[in-house]
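Any read-out appearing in this document is the output of simple, stated calculations on the displayed coordinates, not a laboratory observation. On a predicted model such as this, the values are computed, not experimentally measured, just so you know. FYI the Cβ positions are ideal-geometry reconstructions off the backbone, even for glycines, and counts take in every protein chain you see.
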Amino acid sequence: MKFFIPAASDEAHAEEIYQATRKFNAEQMGAKLSDRRIYTVSGKHSGKSFTATVGQPFESLGETVIAISLDTSRSCYFICTPNRGVLRGMPYLSGSDEINHSEDFDDSTPVH
């Protein structure tokens, strides 16, 4: 899958939203975010299976996934939706030990 951000008007706008989301989460969470551009993760949280995919509704929150990042300092995935990690609030957190599959965007490039 080619990198995108839902509702972005073009590639430059997608990059702007992505970088702002990374900065917001790194600052508010004290996170060290991986350069990976993650498209989807799936696993089990509190005994319930889930999948979070950029551009798709995240069942656990009822909102569209905007971005997914990995905090390497905590080994924790940040699943970001408009109200959880993008416009406000903390992202949905899922430990790496809960994730059994992850897939990066095909054209994943290092973050500036």
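Okay, here's what the table says:
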read-out: Whichever residue in the stretch 1-28 is in a loop (DSSP other than H, G, I, E, B) and among the small types (Gly, Ala, Ser) and, among such residues, is farthest from Phe105 (Cα to Cα); value: Ser9
read-out: Extreme residue, nearest to the chain's Cα centre (by Cα), among residues of the stretch 84-107 that are aliphatic (A, V, I, L, M) and surrounded by fewer than 14 Cβ atoms within 10 Å (Cβ to Cβ); value: Met90
read-out: Pairs where the first residue, in the stretch 81-96, is under 17 Å from Leu70 (Cα atoms) and the second is among the small types (Gly, Ala, Ser) and part of a loop (DSSP other than H, G, I, E, B), C-beta under 8 Å, 6+ apart; value: Tyr92/Ser60; Gly95/Ser75; Ser96/Ser75
read-out: Residue list for the stretch 30-50, filter: of a type in the set (S, T, N, Q), under 11 Å from Glu98 (Cα atoms) and surrounded by 13 or more Cβ atoms within 10 Å (Cβ to Cβ); value: Ser42
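Okay, residues lined up against (1) touching a residue at least 60 places away in the same chain (Cβ under 8 Å); (2) at negative phi; (3) out of contact with any strand residue (DSSP E or B) (no Cβ under 6 Å at 6 or more places or on another chain):
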residue	(1), (2), (3)
Pro6	yes, yes, no
Ala20	no, yes, yes
Phe24	yes, yes, yes
Met29	yes, yes, yes
Asp35	yes, yes, yes
Ile38	yes, yes, no
Lys44	no, yes, yes
Phe50	no, yes, yes
Ser69	no, yes, no
